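Nothing in this text is a laboratory measurement; each read-out follows from the coordinates by a stated rule. Just so you know, these numbers come straight off a predicted model, no measurement behind them. Don't worry about glycine lacking a Cβ; one is built from the backbone with ideal geometry, like all the others, and counts go over all protein chains shown.
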Amino acid sequence: MSTAGTIPNDTYPDRQASVDRVVSTASPRKRWLLVHPRNPARLLVEALSKPSLPLGLLMVATLAQHQFAVTLCDERIGDTLPEDFSAYDVVAITARTVNVTRAYQIADQAMAQGRRVILGGIHPTMLPEEARQHASTVVIGEIESVWDDLAADVQRDTLQPIYRAESLKPLTDIQHADFDLLRRPIRQRRYASRIPLVGTKGCPVGCTFCCTPQIYGKTYRTRTPEHIIAEIRYHQARMGRQKLHFSFMDDNISARSEFVEELFERMIGLNVTWNANISMNFLQKSHIPELARRAGCELLNIGFESLDPETIKQVGKGSNRIGMYDTVVANVHRQGIAIQGYFIFGLDTDTEASFQQTYDFIMRNRIDMPVFTLATPFPGTPWYDEIKPRLQHTDWDKYDVQHSVYAPANLDQERLLTNYIKLYREVFSWRGLRHRISWDKPAWIKLANVGIHFFAQGLKPQQFI
Ligand code: B12
Ligand code: SF4
């Protein structure tokens with residue numbers, strides 16, 4: 001288990017000078033600036049709550065702090081980047097597709113000032129050649145699997161252009177993030193309160209639009225329940241209270257049922273609440289939601305995606321059985337657990353009827369927190385290769401699942417967007433809210449629904465293009 005918890009003095013750059021003076025014979029530690037770039041526009045997910053804690057970047061910092069002086073800069077919470085990067089030897093930047101243009105701006109600026117620039121995260125993993133044009137080095141995949149080589153090369157100044165994890169480390173060998181790196185509680189308060197936690201990585205389902213199978217293949221790795229519970233207790237000790245809210249960052253927590261059942265059993269009595277992405281087929285067994293509730297589950301995130309069997313087939317989501325949707329919802333709701341249901345629009349199989357089917361399903365089943373997304377072909381996925389000749393642009397700022405970037409086969413973009421907005425307005429109308437939301441659900445779900453009600457009133461088709 002990690003010894004995370006103590007921060008070497010040199011994580012504080014302002015204290016570094018005195019440390020360097022004392023240890024005058026040793027060569028000074030190289031300094032890393034770790035950057036989370038801002039998103040181009042306020043994402044809906046961030047308009048309704050504060051930005052989520054940057055777990056990927058924290059994992060990098062957790063490893064780096066043992067050998068280097070690290071400073072975190074998260075533009076999403078208002079941190080300002082220096083104009084002059086000369087205080088740092090390495091500028092390491094995380095990027096998803098939606099913020100990669102900003103990441104490249106920062107990388108170009110740091111490169112122009114002669115800094116070593118390392119790009120990592122989902123987008124550089126999917127398009128390493130593109131990322132290479134802006135950086136000294138690109139890390140493909142998770143940092144833990146390449147760290148030893150990368151760190152040694154930084155020390156010797158022999159950085160290679162690409163580091164690719166040849167084999168993935170067992171998750172039991174990966175230490176959890178050191179949250180003391182956030183330094184002050186005040187900094188932590190600028191993030192959403194849910195604490196990110198990882199139980200598993202990967203997903204065997206293999207949907208064609210998803211990046212996960214490209215990053216991890218169909219490998220599915222789990223930590224042990226003991227590891228996860230020890231991490232929960234680490235947070236309880238750090239925060240000085242038992243009652244905490246966690247968010248599992250897992251792609252799909254349920255791909256190995258013996259693991260997840262044991263985990264839920266062991267979590268009973270910890271006095272925490274949590275949410276997680278979960279496959280709907282796993283919830284067909286009614287004892288699972290019951291176990292989840294006893295373990296503190298407050299909300300499950302379920303990718304229903306579509307009510308059309310053709311669409312489910314097209315995206316390769318073999319875990320979804322449309323005939324079972326209603327049963328799954330009933331099983332979850334019977335336990336008082338709320339559902340965040342994801343629905344995707346704009347695939348080639350979609351027609352105007354898809355919107356009505358989704359509306360009927362949501363209202364009939366009183367889905368607590370529906371999330372609508374526009375089908376976005378992310379580079380590196382099989383579906384991206386298929387759609388590529390039809391893409392209207394690759395302005396990555398707009399690859400945020402709230403922009404239409406190609407015209408689907410059976411709907412022109414105007415009809416797609418008109419129906420999309422209509423669905424938003426109806427599902428989030430006051431009538432829709434009264435019908436769907438049972439008032440015993442957590443306050444934040446009600447508030448988020450009210451927030452989206454107002455957001456939906458102002459929607460215009462142009463903002464989705
Ligand atoms: C949990 C999750 C969320 C959560 C939390 C997000 C967060 N802040 O972390 C929520 C629900 C908020 C969310 C929102 C969104 N998400 Co999301 N999300 C995920 C999910 C399932 C796990 C992410 C995670 O935390 N993994 C665990 C951490 C430890 O891993 P990591 O971040 O990848 O970091 C590791 C490596 O990438 C690498 N690394 C990362 N950064 C760096 C930097 C350097 C310098 C180096 C060397 C290495 C390195 O090392 C890290 C440690 O191993 C992923 C799927 C996936 N497997 O990536 C989708 C995923 C990242 N999300 C995706 C999308 C599209 C979104 C949204 C745009 C969608 C929306 N509905 O609005 C928003 C964008 C939010 C934002 N601000 O960027 C896509 C991104 C596709 C892309 N190409 O960019 C993914 C890949 C899912 C998919 N459809 O394929 N998401
Ligand atoms: S089930 Fe979810 S995580 Fe798994 S491949 Fe499909 S979209 Fe990705």
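For the chain, give the share of DSSP beta bridges that are antiparallel, in percent and rounded to the nearest 5; count only bridges with both residues there.
Roughly 5 percent of the beta bridges in the chain run antiparallel, per DSSP.
May I ask for the net charge around Ile421, where only other residues with Cβ less than 14 Å from the Cβ of Ile421 are counted and Lys, Arg are +1 while Asp, Glu are -1?
+1
Quick one: compute the contact order of the chain, relative version, from alpha carbon pairs under 8 angstrom and 6+ residues apart, as a percent.
12 percent
For Gly380, what is the net charge nearby, where nearby means another residue's Cβ is under 13 Å from its Cβ and Lys, Arg count +1, Asp, Glu -1?
Residues near Gly380 contribute -2 overall.
Starting from the Cα of Arg156, step 7 Å along the direction of its Cβ; do the same at Met239; then give the gap between the two resulting points in nm.
Taking the two extended label points, one gets 4.3 nm.
Averaging sequence separations of C-alpha pairs under 8 Å and six or more residues apart, then dividing by the length of segment 188-247, give the relative contact order as a whole percent.
41 percent
Ignoring the sites themselves, what is the longest stretch of the chain with no GluC sites (Glu not before Pro) in a DSSP loop and at most 14 other beta-carbon atoms within 10 Å?
167-465
What is the sum of charges, Lys and Arg at +1 and Asp and Glu at -1, for the other residues whose Cβ falls under 15 Å from the Cβ of Pro161?
-2
Would you list Met111, Met324, Met126 from fewest to most Cβ contacts within 10 Å?
Ranking Met111, Met324, Met126 by Cβ neighbours within 10 Å, fewest first, gives Met324, Met111, Met126.
Find the relative contact order for segment 248-328 and round it to a whole percent, using C-alpha pairs within less than 8 Å whose residues are 6+ positions apart.
32 percent
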